[in-house]
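The values are calculated or read from the model by the stated rules, or taken from the named source; none is laboratory data. From a predicted model like this one, the values you see are computed outputs, not experimental measurements. Methodologically, a virtual Cβ is constructed for each residue, glycine included, from the backbone with ideal geometry; neighbour enumeration extends over all protein chains shown. What goes into the accessible areas is simple: the full protein's heavy atoms, side chains included, and nothing from ligands, DNA or RNA. Shrake-Rupley method; radii C 1.70, N 1.55, O 1.52, S 1.80 Å.
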Amino acid sequence: SSELETLNSELESFSYSISHDLRAPLRAITGFTGFVLRKYRDQLPEDAVHHLDQVMKGGNQMNDLIEGLLQFSRIQRAELKRRNCNMGELARGLMADLQTTMPERRVDVIWGKLPAAFADPTLIRQVWQNLLSNALKYTGKRPSAIIEVGAKMSDDGETVYYVKDNGAGFDMSQSERLFGVFQRFHAQSQFEGTGIGLANVSKIIQRHGGRIWAEAEVDQGARFYFVLGTDASVVSKPGDSTIMQAPQRKSS
């Protein structure tokens, strides 16, 4: 209804304004705290330095949350600019970039075919970035991580993209909260995060007329699946899909 659309628009504007207006005082808090730590760290008692470090840590976490909310608001407002997306090239490039930041990790990446999609490449890049970085993050405590990325055809003829891992997993009884804002299933001390990433992913996929779902067991890994709706399918062309590859191992 038009009333619901108006309410949603007002909520988006409110969220954006609050998030935007929080940044200035937060910059003051972290800025002055950082200045004190840099200039007077050697002169302060050890417990005072510890407390100020905690202030900085909390401030940085809050900044990440605000950035996540702003991104969530932008995703809802952004105009979709669809074009032919080479999903294989996009996902493999992102995974390579992510792995360079953790050269000590041992990760087996198994690539399946990734058909092209007619979608907004900037937004779809965020989907892959989040799902792949989550797979790497939640396998961080595994001596050997295994991540599988590919796509399959559903019984209805839809292309179902997936990212599977052998990481920490989660309790499926809580799965209805998985794609909500600020929803986290693991303590910050175990795995860092804001709880906004999957909400952004879900919103992007919804805007493409698709859907996303997950399967998991605690300590047995997680499997994320998404489809991008009928408008997202394109005729596959040479170079649009990855070829089947043997596992790629990165060891220290």
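A few points about this structure:
- Mean Cβ neighbour count within 10 Å, used as a protection proxy, ranking 123-132, 142-151, 44-53 highest first: 123-132, 142-151, 44-53
- The accessible-area ordering, largest first, of the residues LYS137, LYS57 stands as LYS57, LYS137, per a 1.4 angstrom probe.
- Against the empirical 2.2 N^0.38 Å (N residues), region 72-127 has a Cα radius of gyration ratio of 1.37.
- Radius, Kirkwood style, for region 63-183 when every pair of distinct Cα atoms is counted (Å): 16.1 Å
- With Cα atoms as the point set, region 1-146 shows a radius of gyration and Dmax of 20.9, 62 Å.
- Lysine pair count for region 103-170 with Cα-Cα distance under 17 Å and sequence separation of 8 or more or different chains is 5.
- Calculated FRET value between ARG23 and GLN206, using beta carbons and R₀ = 25 Å, to 0.05: 0.40
- Taking 0.36 nm per residue of separation and subtracting the current Cα-Cα distance, fully stretching the chain between ASP171 and ARG41 would add 42.5 nm.
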